[in-house]
Structures are given as C-alpha cells and as structure tokens.
Number of protein chains: 2
Amino acid sequence: MTPDPGAGANAAPARPGKNFHPIGSFEPEMGGYLPEVRLAYETWGELDDAGENAVLVVHALTGDSHCSGGPSDAYRRGGWWDEMVGPGRVVDTDENFVVCSNVLGGCSGSTGPASVDPETGRPHGMRFPVVTIRDIVRAQRRLLDGLGVRKLRAVIGGSIGGQQALEWAVEFPDFLEKAVPIASTGALGPQGIAMSEIGRRAIMADPNWRGGDYYGEAGPETGLAIARMAGMVTYQSAPGMWERFGRGPARRPPLYEEFGGMFDVEGYLHYQGQDLAGRFDANSYLYLTRAMDLYDAGAGYASREEAYRRIEADVLFVGVSSDWLFPAAEVRETAEEARRAGASVRYEEIESQNGHDAFLKDWDDLRAAVGPFLND
Amino acid sequence: MTPDPGAGANAAPARPGKNFHPIGSFEPEMGGYLPEVRLAYETWGELDDAGENAVLVVHALTGDSHCSGGPSDAYRRGGWWDEMVGPGRVVDTDENFVVCSNVLGGCSGSTGPASVDPETGRPHGMRFPVVTIRDIVRAQRRLLDGLGVRKLRAVIGGSIGGQQALEWAVEFPDFLEKAVPIASTGALGPQGIAMSEIGRRAIMADPNWRGGDYYGEAGPETGLAIARMAGMVTYQSAPGMWERFGRGPARRPPLYEEFGGMFDVEGYLHYQGQDLAGRFDANSYLYLTRAMDLYDAGAGYASREEAYRRIEADVLFVGVSSDWLFPAAEVRETAEEARRAGASVRYEEIESQNGHDAFLKDWDDLRAAVGPFLND
C-alpha cells in the first residue's frame, strides 16, 4: 500500500469519474483533529437551480463512490449499484442529481488512515482519529454544501450505508425528504461486533501490520484476507450457503496448502479474502468496522427514542429475511421504535436466502421494495 | 508447548485420574501411519463380569478425558460433565462402568500432533496424518477392547462428541445398545466449515506456527486465540449474546489496546481466546476441526441412508433450538434420515438461548432429554 497520492488535491468539477472535494479541517466527535479532509465523489445528472433534486447514495463497508457506470481509469470495477442507479432506474439520474462519495476514513480517495497527515508528512496510520457514522455523515453534508445542494430528495444505502441513511435523518432532519436504510438497524448486535473483532484481531496479529505503519512496505494482507473471510460469513445465510456451496469440493485451484482436501466454501472464502487484500487498506478496514460497531442512533441523546423524535424525513426500512448481520427482526424493531417516536416510517422485507448481501444481489426485490417509496 | 512427555508410556490401571492405554500402530482411513498410538482415559465405576455395563462418554472439541470429578494433579479443571456423570446421575457411575478418553489427534494425553514420532524422535507436527471421526471411534474401540469391554450400554456426547456417538452406531452396530448424539448431525454445514477455516487460517498465519514445528518454542498462541474467538461465536446464539453482552462496555481489564472503547463481548472473546491458547495445542485444533468438517456419516457408503441402515442401536438425537453450528432443523433432519433408513430413533429438542453450548450449560433440560432414554 502506498501513501494516498491525491491527499490535498483540489476539488475537480463534478462529473462522472472520480472527483475530489476538500472539506477543510474536521473534528471527529470522539476526539482528535484532521487538519485537511477531502472526499472522493462522483455525480450523475444535473442539479436543479434550487439545489433540491439531489439523491445521496451511500456505500457499504468496502465500497466506493462508483455506484453507477463501467470500469474506467478511475474505477477498476463497474458501478456497485448499477442495477439501481441510472437513467430511468429506481435512483433515476435523469430526474435527480445523484451523488455518491467515499466515506471519511475510507481508502478509495477520501481522507483516511492511508492519507498523508500534512502535519507530519507521513500517513496517519493508527494516529487517525476514531470516526463515527455521525462524522461520516457530517463530512458528507459538507461535500453536499460545497456542491450547492440545498436539500436531498433522499439518502439511500445498505449495511454501514444504511446506518448513514438513518443517521442522516437524525442528524440533519430538515435537509432530506426521505431516507432508506437497508439491511441496517439503530445499533449492531454483539454477534456482529464479535465477527468484526475477529477480523480486526487477525489484521492486528499480522506481523506486517506493524502497528498500522506499513505504508510503502508489504501490508497485512494475510490478516485482512482473514478479516474478509469472517465478514463474508456474516453477509450470507446458512441456507444460502448450503444451496450455493453445500459440502462440495473446491472448484478453484487452491490458494493454500490444505490437509484432508478443501471444501468449495473454503476456496470461495480464500479468493474473497485475497481479492479484498489486493484492493483495500487494512487500517481503513479497522476504522470502518469500528464505526459500524460504535454506531448507536441514540448516542448523544437521552435515548434512541429521543434521537428518532428528531426525524422529519419519511423513512423506509428494508430488512432481509435471512440477514445474519442485521437480522430482519432487528430492522423491523428499529422501524417500530422510530414509528413510536413519531417518525413517518415504512418497513419492507425482502424474502431471500442471500442474507445480508441481498441488497447487492436481489435486484428485482430491491427495486420493488424501494422504487415506489422513492418515486411516489 | 513442549513435546508430549507421556508418549509411549504403558497403560496404567484404570482408575479415576488420567490413565494411558497403548493401542498399537494405527492406519488412519485417509492415509498415513502411526507406529505407536496411546489414548489417555479415565474410568468410573466397575465393569461387570460380562463386560457389558460400559458407557462411553465422548468429549467436545477442546475437552479431555475428565468428564467427572474435581481438579487434581492430572486435570487442572473439574469434570466438564459433572452435572451428568456420577453416582446416581444420568450417566450413573454406580450402575455403569463409565469410560471417557481423549480423542486421537488431541492434546490431553492421547497421541496427537504434539506427540513424539518414535521414528524421528521429534513431534509429529503437521506430518501427523489426517484423522477422521471414524478413526477416532476406531481408536476408542481398541481402548475398550483393551479394558475388557464387550458391549456398550451407550455412547453419549455433544458436538464433535455427537459425531462420534453417531459414528459409533454406524461403524460398530452390534457393539452398543444406545447412542446419544447431542447438538450434532451427519455432516457439518458450509457455514460451520467456514468458521472452522477462519480459525485455521488465523493459526497458520501466525508466524509462530512455523508450519506446525513450534514445539519447544513459543507457539501460535495469537492465532489460536483468534481461532477460539471464531469458535466461541458459533457456540452461542444471537439472542443469547444480546441477553448476555448486549452492547455493554467491557467489564474486564483489556488484553489489547483498542480504539473507540471496548465492548463486553470483545473482552469476553479475548479472554476465552487467551484461555484456550494457554491450554491447548494449536495443531490439535487444526486436526480436530478438520475431522469435524470432514465428517460425513455416509463416507465410504453409497449414501448416508446406506450408512444409517447399518444402525442397530437405539439412537436419541438431541437438538438445541438456538444452535448455530449444528442447527436444530439439521439435527432433526439427520434423525429423520436415520429413521427412514430403518433405525430406531428418537428426537428431543432443548429450548434454549444458549446455542450450541447448551449441552454444557442447560443441565436440567439436558437431563430431562437424555435421562429417560438412557435409563429406561
């Protein structure tokens, strides 16, 4: 991993492709100080004169600002929500000014642990302050202000993106009309935190992690790959894994020497681990999973109910029947809590064996759940 | 970890305390050869003249031969199934000759990867052959033969012990009257295999693992601790973890430096990981989890149905409603498969939020489920 080359770059015009917007200095809510922060972002469509036709799409843990469009010099992969975002699609880029930005603390162009600290000339590493979902949302707000957005028609995202969508509705109640948290709740449960922590410990146990100061050298790719393996288990469901992998033998050439043969599910996890290790910064993984664990919609308020009482937007919560990380029952309970607090709330549930990952797979169900709410 | 000091010791008289029984050379079914194998075991009660009043208790992944009794020089901890095994208890040591042995491949006195290979004078390490549940059961059979046991009244165990109980009924149909596989099925599912593999990769990624040749030096304790953390998640249920830990802060002094505070569930997992790393051999962990993954009751037969058709014992399957590793629905399905194949089968389900671990916690329910079957 090399130091983030674009840190401190000036904002480029907002066009398809990766743009950068400096949002100045930033004080995360749990302490610390970042003298210069920028967010990487991409936009689609045109902002209207009033600045009130914007939709913010927020990405999941290892995602980036490229929710729509093909691979390019700026993005090695096609848009991660192509089926949802584009002309005439559910998030309609003909009608809306769509914005998607890499999160604060991320590693796809926004300021994060891999970015050079202007005060030391070295990457932040673990000196990067803890950032929360609220910090991430506050940074997004500054970007939107900078782009001339006066009001959001909607914020939509899944998983850690869903936490952001909910937090938007709590933190900036008069700035958005609708929020769509998908496969996400007001606070992650202990089993999810446990799985995050297994991954973090694997990263930190990797001798190449070096307390986070591995930039310019070999990084903790093995630890990050193990963390990703743990993550992938939480993104799928037991019945879905039976259906997809069963107890079949590996179908790919093995990445690791094994004893007693290798199961298909193992080969799959090894490849997913290796893939992430080649494209993601391990320290960002630590910080962003921590933000996910720490998120509690009621933090800073007397209760979650008090937080939800602030909500002015219409909120659509979407649960996935087989979700392991954010179980549908907990998504529904979050929706009910918000409703009891007076928020205008809907709840839709996607019946799927794809688990948490359904928001990146079950396109028809997702469009059916989200489309009417977004576009009525 | 030092080399196993007792390897090659002669059998001691069978008494409470840790005894050792040499079972000669052993050829594991997947290949390899062990020139000298011994099993560590403990017995309670008296064998009758016919040798037909024995009950075999089989331990779980990190257990040992001490299912009953207090701590002693031979065992640092009290019996892991004290509530079930003893005079007048469900497994009644007044009526039965109760035997419990450490599994082949284990690290609590039986031959395993930490044992010295008599042909090289060095610990086997990863040169130890892959052992399967069938191998473990075949080794137990030799121990019982050596002790003069002619027939078992029952074999009972949970988790990997449940796999052994089922395999006993398939492999040696005329040697036992009853089998009680608890929280166990005819074949582990891909989600369980995935969690095992995350743990194995964490061990193998630890630089102290050294390809398995760490004996006499610092071992892969960090990797083993991470593996244990992953295991512990599979032993509990999501609702049980909400109840026990919720999102509360750590109640123990932290073992690791953390950022953003530490959750109770994290502190718990850290301590569980450290505890196991101090008492268990990492290579045994690799081999025994592999045996658990590989177990398929139908292996070597045309189908699982054909395997189950061999069963002559009465079999009681016990599922736990919130079990994540061996879901109750899969335990029930295994019972139904065996019944369809003609076996005499009962199924009991324990309603509990303790997940897989219920067979080490929910004593009243366990006794109620197992007692009538064992003692009628």
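The values are calculated or read from the model by the stated rules, or taken from the named source; none is laboratory data. Remember, predicted model here, so these are calculated numbers, not experimental data. Using ideal geometry, Cβ is built from the backbone for each residue, glycine included, and neighbour counts are taken over all protein chains shown. These accessible areas exclude ligands, DNA and RNA; they are computed on the full protein's heavy atoms, side chains included. Shrake-Rupley method; radii C 1.70, N 1.55, O 1.52, S 1.80 Å.
Mind listing just one residue for me: the one in the stretch A:271-283 that is of a type outside the set (D, E, K, R) and in a loop (DSSP other than H, G, I, E, B) and, of those, surrounded by the most Cβ atoms within 10 Å (Cβ to Cβ)? Here the residue is A:Phe280. Taking the numbered list (1) outside the structural domain of A:Val318 (by TED's automatic domain parsing); (2) at positive phi in turn, A:Gly199 passes all entries but (2). For the stretch B:334-376, filtering for residues that are farther than 14 Å from B:Leu166 by Cα and assigned to a helix (DSSP H, G or I) leaves 20. Answer yes or no: is there a residue in the stretch A:220-242 that is more than 17 Å from the chain's Cα centre (by Cα), open to solvent by 10 Å² or more (accessible area, probe 1.4 Å), farther than 25 Å from B:Ser237 by Cβ and of a type outside the set (A, V, I, L, M). Yes, some residue in the stretch A:220-242 is more than 17 Å from the chain's Cα centre (by Cα), open to solvent by 10 Å² or more (accessible area, probe 1.4 Å), farther than 25 Å from B:Ser237 by Cβ and of a type outside the set (A, V, I, L, M). Checked against (1) more than 14 Å from every other protein chain (Cβ to nearest Cβ); (2) part of a loop (DSSP other than H, G, I, E, B), B:Pro129 meets all criteria but (1). With respect to the conditions (1) more than 11 Å from chain B (Cβ to nearest Cβ); (2) in contact (Cβ under 8 Å) with a residue 40 or more places away in the chain; (3) part of a helix (DSSP H, G or I); (4) more than 16 Å from A:Ala297 (Cβ to Cβ), A:Ala169 falls short on a single one, namely (4).
Checked against (1) farther than 15 Å from B:Tyr285 by Cβ; (2) touching a Ser or Thr at 6+ places or on another chain (Cβ under 8 Å), B:Arg138 passes all but condition (2). Restricting A:Gly231, A:Gly199, A:Gly246 to those that are in contact with a helix residue (DSSP H, G or I) (Cβ under 8 Å, 6 or more places away or on another chain), over 30 Å from A:Ser344 (Cα atoms) and either of a type in the set (Val, Ile, Thr) or facing another protein chain (nearest Cβ under 8 Å) (or both) reduces the list to A:Gly246. Scanning the stretch A:22-45 for residues that are open to solvent by 10 Å² or more (accessible area, probe 1.4 Å) and closer than 20 Å to A:Asp82 by Cβ returns A:Trp44, A:Gly45.
Residues that are out of contact with any Leu (no Cβ under 8 Å at 6 or more places or on another chain) and open to solvent by 10 Å² or more (accessible area, probe 1.4 Å) within the stretch A:143-164 comprise A:Asp145, A:Gly146, A:Arg150, listed in sequence order. Only one of the numbered conditions (1) out of contact with any Ser or Thr (no Cβ under 9 Å at 6 or more places or on another chain); (2) among the charged types (D, E, K, R); (3) closer than 29 Å to B:Ala369 by Cβ is not met by B:Arg228, and that is (1). Checked against the criterion of being within 18 Å of B:Arg339 (Cβ to Cβ) and either in the same structural domain as B:Gly105 (by TED's automatic domain parsing) or surrounded by 24 or more Cβ atoms within 10 Å (Cβ to Cβ) (or both), the candidates B:Glu171, B:Glu167 yield just one match: B:Glu167. In the stretch B:288-299 there is at least one residue matching the filter, namely being open to solvent by 40 Å² or more (accessible area, probe 1.4 Å), over 18 Å from the mean Cα position of the chain (by Cα) and on the phi < 0 side of the Ramachandran plot.
Are any residues in the stretch B:266-293 of a type in the set (D, E, K, R) and within 13 Å of chain A (Cβ to nearest Cβ), and if so, which ones?
B:Glu266, B:Arg290, B:Asp293
The set of residues in the stretch A:286-333 being part of a loop (DSSP other than H, G, I, E, B), of a type outside the set (A, V, I, L, M, F, W, C) and in contact with a Leu (Cβ under 9 Å, 6 or more places away or on another chain) consists of A:Tyr295, A:Glu312. With the requirement that a residue be among the aliphatic types (A, V, I, L, M) and away from every other protein chain (no Cβ under 14 Å), what does the stretch A:172-196 give you? Listed by number, the residues that qualify are A:Leu176, A:Ala179, A:Val180, A:Ile182, A:Ala183.
Checking each residue in the stretch A:65-93 for being open to solvent by less than 10 Å² (accessible area, probe 1.4 Å) and not in a loop (DSSP other than H, G, I, E, B) picks out A:Val85, A:Gly86, A:Val91. Name the residue that is least open to solvent (accessible area, probe 1.4 Å), counting only residues in the stretch B:205-219 that are more than 9 Å from chain A (Cβ to nearest Cβ) and not small (Gly, Ala, Ser). Only one residue tops the list, namely B:Tyr214. Of all residues in the stretch A:299-326, those satisfying the criterion of being over 28 Å from A:Cys107 (Cα atoms) and within 14 Å of chain B (Cβ to nearest Cβ) are A:Ser303, A:Arg304, A:Ser322. Considering only the stretch A:234-243, how many residues are facing chain B (nearest Cβ under 7 Å) and out of contact with any helix residue (DSSP H, G or I) (no Cβ under 7 Å at 6 or more places or on another chain)? Residues meeting the conditions: 0. Restricting the stretch A:243-270 to residues that are of a type in the set (A, V, I, L, M) and open to solvent by 10 Å² or more (accessible area, probe 1.4 Å), the residue that is farthest from B:Leu188 (Cα to Cα) is A:Leu255. Only residues that are without any contact (Cβ under 8 Å) to a residue 12 or more places away in the chain and among the basic types (Lys, Arg) were counted in the stretch A:334-351, giving 1.
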